[in-house]
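Notes to accompany the following structure.
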Amino acid sequence: MPKSKYLIFGLFLVSTFCACKEANQKQNNNQKIIQSDETVLNWMGHWLNRDGKEDLVRKVAREYEFINKGLKVNLKFPQEILKTEDFRGKLTDSIVKMITTGEVTWDIIYMDQGMYSQVANKLKDPKWGSKYLVNFEELDWFAERHKQLVFDIPQYRNSMGGNITGPVLEGYYFGLWYNTILAEKIGLDIKPLGMTFDDLKDYIKKAHQYNQQASEKIQIMTQDNGANTISSIFNSLVMSELGNFDTVHVDINKGKEALRKGLRAFEELAAYEPFNKSGVKLDAKEETILSGKCLFIGFQSYVYNRWGKIDKERTKNIVPVELPVFKNQGMFYQGTYQCVWGVLQNAPHKNEAINLLKYWCSNDIAEQWLQKTKNPTGIKTRLNTNNFGQDQLDRFNLGIEGKYDKNVQTYQLAAMLFGSRNKSIQINPASVIYGEKTADDYYNEIIKQVKR
């Protein structure tokens, strides 16, 4: 081949190589542009390892990312962010730091009533939300997507510093849960609604008699793993006797009588050793009620999602029923509806964060919430629990919602009995039902603290 042809061929190879290199550089540059233009929405999730709830959170993240091209949803749960299951303390510090420094790293933060209170304590400002969180109630679409009870019950707003700081997605009711297999073995027919104190005493008495004869004893009641068996039963009894929900216009004498009656009722129960430990050997991490070794436990309805993740089949044997009362059934019930996420006003992608939470407020998502989580919601749906295949929790939720409607609230018992000036008094009747103190002795301990 002549030298001129070699030269031409060489130049051709060089030019081809350069052209290919230039094309690759352009392609890489274009990829970098796409990446830099993509909005990353940082969302602090909730309900890791909670049956039904975690699945729905992840599903919403995928769907929202799919229908919003150019948006990347970076969903991380507090346990993943802080590398611990016991995350609330560290998360509180992290949120406080974002507020005080103005360096906001999360567009959507985990913010339920408990977290709000913890941040308020750190900031020493119960109204901090009105200064730093988006008030969703001011958004034109918000009211029409929520049930009226969200706006009619001041407690839901007041628990967040006076504003509604996100979708009021989660509702829960307190309940007394029982193991159906043990109840049948003992011969108990437990009322789903309308349980009185005498009913409860009869159930506990029969379980005690069973323990006197059985080779393998059961635990009648338990307080394990965050349960509120003692407080939820006691509060329900005392508040039903009190008969009102007012911390301003209180009759202290009436409050005293309600307290005394509740304590004496617990003293009656103590005779049947409802919290007996003898013969019941439990691992500290074991869910007693699922083990089949315990009859009763008091818990909020959301515990169903925790148990379902541990053992879905055994959870089917645990049924919630209405808490017992002395009288005045249907006046008010322990529970709440709450926000679980919020958006700081200076979040990097505030509008995108608001729009994602707006997506939660659709009929479709709310109905999926009912189906997947078995928990009530403050968001409007086209359906109610009647439209779904009812299991034990569906029936419980429907019964409580139908009976109490807009009278579902939490409360501080001392404030209800003796007025808000006495709200710091801690009433814990455990020592009475354990048989460690008499009702009158503990009553006198409490009354000495009451300010008139």
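What follows is calculated from the coordinates using simple rules that are stated; it is not laboratory data. The structure displayed is predicted, hence computed values, not measured ones. Ideal geometry is used to build each Cβ from the backbone, glycine not excepted, and the neighbour counts take in all protein chains shown.
Numerical summary
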item: Antiparallel bridges, percent of DSSP beta bridges restricted to the chain (to nearest 5); result: 55 percent
item: Whole-angstrom Cα spans of the range 80-150 along principal axes, big to small; result: 38, 25, 21
item: Separation of the residue 410 and residue 105 label points, Cα + 7 Å toward Cβ, nm; result: 2.8 nm
item: 0 to 90° range, to nearest 10: angle between helix 252-270 axis and the chain longest Cα axis; result: 90 degrees
item: Gain on full stretching of the segment that runs from residue 291 to residue 311 - 0.36 nm per residue minus C-alpha separation; result: 6.2 nm
item: Crossing angle, helix 229-242 versus the chain [Cα axis fit, 0-90 degrees, rounded to tens]; result: 60 degrees
item: Dmax and Rg, reported as Rg then Dmax, of the chain (C-alpha, Å); result: 28.2, 118
item: For the range 39-46, 3J(HN,Hα) per residue [Karplus equation, 6.51 cos²θ - 1.76 cosθ + 1.60, θ = phi - 60°, Hz, x = Gly/Pro]; result: 7, 9, 9, 8, 10, 8, x, 8
item: Degrees between helix 363-373 axis and first principal axis of the chain (Cα, 0 to 90, nearest 10); result: 60 degrees
item: Extension gain (nm, one decimal) between residue 257 and residue 363, 0.36 nm per residue minus Cα-Cα; result: 33.5 nm
item: Radius 11 Å from Cβ of residue 164, net charge of other residues (Lys, Arg +1; Asp, Glu -1); result: -1
item: Computed helical MRE - 222 nm, the chain, DSSP H runs ≥ 4 contributing -39500 (n - 2.57), nearest 500; result: -14500 deg cm²/dmol
item: Isotropically averaged projected area of the range 37-194, using the convex hull of Cα atoms (one quarter of hull area), nm²; result: 13.6 nm²
item: J(HN,Hα) series, the range 70-79, from Karplus relation 6.51 cos²θ - 1.76 cosθ + 1.60, nearest Hz, glycine and proline x; result: x, 10, 10, 8, 9, 8, 9, 8, x, 4
item: Separation in nanometres of the label points that stand 7 Å from Cα toward Cβ, at residue 137 and residue 184; result: 4.8 nm
item: Value of relative contact order over the range 226-373, rounded to a whole percent, pairs C-alpha under 8 Å and six or more apart; result: 35 percent
item: Extension gain (nm, one decimal) between residue 244 and residue 158, 0.36 nm per residue minus Cα-Cα; result: 29.0 nm
item: Environment charge at residue 376 (Cβ cut-off 14 Å; Lys +1, Arg +1, Asp -1, Glu -1); result: +3
item: Equivalent ellipsoid semi-axes, the range 102-217, via Cα gyration tensor eigenvalues times 5, rooted, Å; result: 46, 18, 13
